[in-house]
1. Among 156, 187, which is the only one that is assigned to a helix (DSSP H, G or I) and more than 25 Å from residue 55 (Cβ to Cβ)?
2. Just to be sure before I move on: is residue 182 of a type outside the set (Ser, Thr, Tyr), assigned to a loop (DSSP other than H, G, I, E, B) and more than 13 Å from the chain's Cα centre (by Cα) in the structure I sent?
3. Residues that are crowded, with 18+ Cβ neighbours inside 10 Å, modelled with pLDDT under 90 and of a type in the set (Asp, Glu): list the helices (runs of 4 or more DSSP H) wholly contained in region 199-279 that include at least 3 such residues.
4. Checking residue 90 against (1) closer than 28 Å to residue 213 by Cβ; (2) of a type in the set (Asp, Glu); (3) crowded, with 16+ Cβ neighbours inside 10 Å, only one condition comes out false. Which one?
5. Tell me whether region 227-237 contains one or more residues that are of a type outside the set (Val, Ile, Thr) and touching a Pro at 6+ places or on another chain (Cβ under 6 Å).
6. Tell me whether region 52-66 contains one or more residues that are under 11 Å from residue 172 (Cβ atoms), small (Gly, Ala, Ser) and buried (at least 19 other Cβ atoms within 10 Å of the Cβ).
7. Do we find a residue being surrounded by 21 or more Cβ atoms within 10 Å (Cβ to Cβ) and of a type in the set (A, V, I, L, M, F, W, C) anywhere in region 71-83?
Amino acid sequence: MSKHLLEIKHLTIHPKNNPELRLVKDVSLTLQQGKTTCIVGESGSGKSLTALSVIRLLSSQLAVSGTFLFHGEDLTLVSEEAMRKKRGKEIAMIFQEPMTSLNPVLSIGYQIQEAIGVHSKLDQDQMLKRTHELLALVGIPTDRATSFPDELSGGQRQRVMIAMAMSCNPTLLIADEPTTALDVTVQAQILRLLDDLKTQLNMTMLFITHDFGVVHDIADEVMVMFKGQVVEQGSVKQVLSNPQHPYTKALLNCVPDAKGKKALKPIDYLKLDKLMAVL
């Protein structure tokens, strides 16, 4: 039986200067060891805020309430110094656009070694060896360690970010729409790589997306968010084959089928708001 790795309980986020504006409202979520949970919803639904709150990287202008039990330890009670030690080592994160995270004037090998050095006491030769191991793990030739980010394709840059995230063998990987900026073929390769690494390392993954195609490919569990609230939760089979909430149904109606015969229906937000008011 899978064990709980992370439990988010009653998470609420609002601007400090506007407590009535709830950006995330009473969200609770449990992540199982070795499983992938997808948070799905449109832009502005609170997906990324929920993910960033786990590693305490939200803006200081936002107020956060709730608890985050990671291996049974409440992260809200951990000091900032202790939290910095957990980031990258126990909990790693991959963002949507690698070029906003990679330094354009440093080689990718140097940047991977930096990530390793933050949480380890390896000497220079050991770090270089580990860097080559990580590049091989994500399918990049080791001789590209001296390359700069702008000398790589978008898919290769995202592989570098995955290598950096894997540098200290985290137990939890948070991936915030890591394939959105990639073409369909490269997206499939990155998704397969992440899924293979999850299985190989028995890692837990929290995957943020707006794409139900991605959900179908990698998710074990799904949480659907709308306007900061959780509207549906369950196994991927349950949510995709038998959605219960009107918003989940509306999202799925926006997904084209492989043959292009399905009539796509835009979301009627006025109707949704009326339904949400009575649910």
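1. 156
2. yes
3. In region 199-279, there are no helices (runs of 4 or more DSSP H) which contain 3 or more residues that are crowded, with 18+ Cβ neighbours inside 10 Å, modelled with pLDDT under 90 and of a type in the set (Asp, Glu).
4. Condition (1) is where residue 90 drops out.
5. Taking region 227-237 and keeping what is of a type outside the set (Val, Ile, Thr), we get 227-229, 232-235, 237.
Those still in the list that are touching a Pro at 6+ places or on another chain (Cβ under 6 Å) too: none.
No.
6. No.
7. Keep residues of region 71-83 that are surrounded by 21 or more Cβ atoms within 10 Å (Cβ to Cβ), which gives none.
Looking for residues that are surrounded by 21 or more Cβ atoms within 10 Å (Cβ to Cβ) and of a type in the set (A, V, I, L, M, F, W, C), one finds none in region 71-83, hence no.
The rows are residues; the columns are (1) under 25 Å from residue 44 (Cβ atoms); (2) not polar (S, T, N, Q).
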{"residue": "191", "(1), (2)": "yes, yes"}
{"residue": "195", "(1), (2)": "no, yes"}
{"residue": "199", "(1), (2)": "no, no"}
{"residue": "204", "(1), (2)": "no, no"}
{"residue": "215", "(1), (2)": "yes, yes"}
{"residue": "226", "(1), (2)": "yes, yes"}
{"residue": "249", "(1), (2)": "yes, yes"}
{"residue": "254", "(1), (2)": "yes, yes"}
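The values are calculated or read from the model by the stated rules, or taken from the named source; none is laboratory data. These figures come from a predicted structure and were not determined experimentally. All Cβ positions, even for glycine, are placed from backbone atoms using ideal geometry, and neighbour counts span all protein chains on display.
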